[in-house]
Amino acid sequence: MKQHREHRLGVSEVNLVTRHLKLYSSDLNAVHAAVVDIDGLYGLDSVSFDEKKRKLHLAYDATRLCLDCVEDILDKHAVEMSRDWWNRFKEEHYRFVDQNVKDNANKEPWSCH
């Protein structure tokens, strides 16, 4: 049985996505400042940073936020995402899924029955 959990304002369970991205930055103060800014975004459910693995963990409503919004804040704080092939692949996949969620939320559901 799935347990119901409360989400932040602006977050719908149906449109909730999770993201895990590796960051490349030697300035941990900048990373933590970026995380604080990201935490203030409307539509964000949670954000955390694993210093040991250098991973940013996000959960957000894809109809209200997208990866570009997060990247804008990282850029503002001069925090770079890792440019390895796996992280780049995940970024593109996340962008595709975010756009798909946004597009599907705007369409009227239909059935042929």
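The values are calculated or read from the model by the stated rules, or taken from the named source; none is laboratory data. Since the structure is predicted, the reported quantities are computational estimates derived from the model, not experimental observations. Cβ sites come from the backbone with ideal geometry, for glycine too, and all protein chains shown count toward neighbours.
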Quiz item: Can you pull out the residues in the stretch 22-47 that are closer than 15 Å to residue 81 by Cβ and in a helix (DSSP H, G or I)?
Solution: 30, 31, 34, 35, 38
Quiz item: Is it true that residue 12 is among the hydroxyl-bearing types (Ser, Thr, Tyr) and either free of Cβ contacts under 8 Å to residues at least 24 places away in the same chain or loosely packed, with under 12 Cβ neighbours inside 10 Å (or both)?
Solution: no
Quiz item: Is one or more of the residues making up the stretch 48-57 at pLDDT 95 or above, out of contact with any Phe, Trp or Tyr (no Cβ under 8 Å at 6 or more places or on another chain), hydrophobic (A, V, I, L, M, F, W, C) and not in a helix (DSSP H, G or I)?
Solution: yes
Self-check item: Members of the stretch 84-107 that are in a loop (DSSP other than H, G, I, E, B) and either among the basic types (Lys, Arg) or under 11 Å from residue 17 (Cβ atoms) (or both)
Solution: 107
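Yes or no, residue by residue, for (1) of a type outside the set (Ser, Thr, Tyr); (2) more than 20 Å from residue 10 (Cα to Cα); (3) free of Cβ contacts under 8 Å to residues at least 40 places away in the same chain:
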| position | (1), (2), (3) |
| --- | --- |
| 51 | yes, yes, yes |
| 58 | yes, no, no |
| 64 | yes, no, no |
| 67 | yes, no, no |
| 93 | yes, yes, yes |
| 103 | yes, no, yes |
Quiz item: Mind checking which residues of the stretch 65-83 are part of a loop (DSSP other than H, G, I, E, B) and either surrounded by 11 or more Cβ atoms within 10 Å (Cβ to Cβ) or among the aliphatic types (A, V, I, L, M) (or both)?
Solution: 65, 66, 77, 78, 79, 82
Quiz item: Yes or no: residue 112 modelled with pLDDT of 90 or more and either part of a helix (DSSP H, G or I) or surrounded by fewer than 17 Cβ atoms within 10 Å (Cβ to Cβ) (or both)?
Solution: no
